[in-house]
Amino acid sequence: MIEKETMKAAVKEVWIRSLTVLQPDVMEALSGALEKERSPRGREYLRIMIENAKRAAERRMVICQDTGVPTFFIRTPLDFPYAESVRDTFDETLRELTYGEFPMRPMVVHPFTREDRGDNTAAQVPVIHAELDNSMEFMEIKAMPKGAGSGIWSALKMLPSTDGVAGVKKFVIDSVLNAGANPCPPILVGVGVGGPMEEVALLATKASVRPLNEIHPDPDAAALEQELMEAINASQIGPMGMGGDTTALAVHVEYAGTHRPWMPVAVNINCWPGRRAVCRIYRDGHVEQI
């Protein structure tokens, strides 16, 4: 049986890593963008981002002061040997971190009263998305801070089916143009298509944290990703909105079956660090921070 302290320690470390360590695929994308960027000002901002990320990792400091809404994706087999409440464990973990072990700004408030508990927890926060997968021999936890600077520019629309894929493209590009420099480009764009309303938003969120070097296996979705990427970078918004070729580091699409009369589309925008981290907890209590 997995002990509560083992679970808490794993969650603490994966959350801290998501805030302090830029993932290798994002660093590779930034370095590649720096080589290709034609704008001198754009190159300078990309250099600053890379240096900022390196120093944050070295000093175990947050990459960005907005530590966001604590969000986690969990995949686990049904018979995973953890008997405690996952909700209570995650709440307790965030409280302990915020209050002293890894001091963070309290970012979460009650939506009506704006009351702040001061510990980065609230009703249904941390946000926990759980998926059962009985083919796994471990529990996988993906931590993903959702900051307001980029998240506020995310968008969702229930298009009529007659708008088709052309309508999806227009909505995605219009959303990015409307956001402009605000989400700290170069951005990572997750696009959800299909499903009902609640599913399309989740698809966009999942797409936004897919590893940058993973191309969608569906050729139509992959072609849409490439077309949107080219269109967004043609906007010349550039790094930090200062002009240049690098407005997006990646555009990823996820889709689900949908109802005949509509074409739901959601856009989830992440800022340049694309903050995320993953850990796995095995049945014997061994923890792997990936």
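Considering region 190-222, and only residues there that are of a type in the set (Val, Ile, Thr) and over 20 Å from residue 164 (Cβ atoms), the residue that is least open to solvent (accessible area, probe 1.4 Å) turns out to be 209. One residue alone among 230, 254 is under 26 Å from residue 147 (Cα atoms) and surrounded by fewer than 23 Cβ atoms within 10 Å (Cβ to Cβ), and that residue is 230.
In region 215-233, the residues that are in contact (Cβ under 8 Å) with a residue 60 or more places away in the chain and within 19 Å of residue 36 (Cβ to Cβ) reach residues that are surrounded by fewer than 18 Cβ atoms within 10 Å (Cβ to Cβ) and among the charged types (D, E, K, R) with C-beta atoms within less than 8 angstrom, at least six apart or across chains, in these pairs: 231/169.
Being touching a helix residue (DSSP H, G or I) at 6+ places or on another chain (Cβ under 7 Å) and either at pLDDT below 95 or in a helix (DSSP H, G or I) (or both) is the filter here; which residues of region 32-49 pass it? Correct list: 33, 34, 42, 43, 45, 46, 47, 49.
Screening region 142-226 for helices (runs of 4 or more DSSP H) wholly inside it with 2 or more residues that are modelled with pLDDT of 95 or more returns the ranges 164-179, 197-208. Of all the numbered requirements in (1) without any contact (Cβ under 8 Å) to a residue 24 or more places away in the chain; (2) surrounded by fewer than 19 Cβ atoms within 10 Å (Cβ to Cβ), residue 87 misses one, and that requirement is (1). Of the residues making up region 58-72, one or more are closer than 17 Å to residue 288 by Cα and outside any loop (DSSP other than H, G, I, E, B).
Residues checked against (1) closer than 30 Å to residue 141 by Cα; (2) open to solvent by 60 Å² or more (accessible area, probe 1.4 Å); (3) small (Gly, Ala, Ser):
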site	(1), (2), (3)
224	yes, no, no
235	no, no, yes
241	no, no, yes
263	no, no, no
270	yes, no, no
276	yes, no, no
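Under the condition of being closer than 8 Å to residue 239 by Cβ and among the basic types (Lys, Arg), the residues counted in region 44-54 number 0. Note on region 167-179: residues that are open to solvent by 20 Å² or more (accessible area, probe 1.4 Å) and of a type outside the set (D, E, K, R) total 4. Which residue pairs have Cβ atoms closer than 7 Å, lie 6 or more positions apart in sequence or on different chains, and pair a first residue in region 95-119 that is surrounded by fewer than 14 Cβ atoms within 10 Å (Cβ to Cβ) with a second residue that is in a loop (DSSP other than H, G, I, E, B) and of a type outside the set (S, T, N, Q)? Taking only residues 6 or more apart or on different chains, the pairs are 115/109; 116/106; 116/109; 118/106. The residue of region 1-31 that is nearest to residue 287 (Cα to Cα), among those that are part of a loop (DSSP other than H, G, I, E, B) and of a type outside the set (D, E, K, R), is 2.
Residue 143 meets the conditions (1) closer than 30 Å to residue 2 by Cα; (2) out of contact with any Cys (no Cβ under 9 Å at 6 or more places or on another chain); (3) open to solvent by less than 10 Å² (accessible area, probe 1.4 Å) in every case but one. The failed one is (2).
To keep it simple, each residue is scored yes or no on (1) out of contact with any Cys (no Cβ under 8 Å at 6 or more places or on another chain); (2) of a type outside the set (Gly, Ala, Ser); (3) surrounded by fewer than 20 Cβ atoms within 10 Å (Cβ to Cβ); (4) in contact (Cβ under 8 Å) with a residue 40 or more places away in the chain.
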position: 31; (1), (2), (3), (4): yes, no, yes, no
position: 35; (1), (2), (3), (4): yes, yes, yes, no
position: 45; (1), (2), (3), (4): yes, yes, no, yes
position: 57; (1), (2), (3), (4): yes, no, yes, no
position: 63; (1), (2), (3), (4): yes, yes, no, yes
position: 69; (1), (2), (3), (4): yes, yes, yes, yes
position: 73; (1), (2), (3), (4): yes, yes, no, yes
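Scan region 198-209 and give yes if some residue there is at positive phi and of a type outside the set (Ser, Thr, Tyr), otherwise no. No; the residues of region 198-209 include none that is at positive phi and of a type outside the set (Ser, Thr, Tyr).
The values are calculated or read from the model by the stated rules, or taken from the named source; none is laboratory data. Every value quoted in this text rests on a predicted model; they were computed, and no experiment measured them. As a convention, Cβ positions derive from the backbone with ideal geometry for all residues, glycine included, and neighbour counts pool all protein chains shown. Surface accessibility is based on the protein's heavy atoms, side chains included, excluding ligands, DNA and RNA. Shrake-Rupley method; radii C 1.70, N 1.55, O 1.52, S 1.80 Å.
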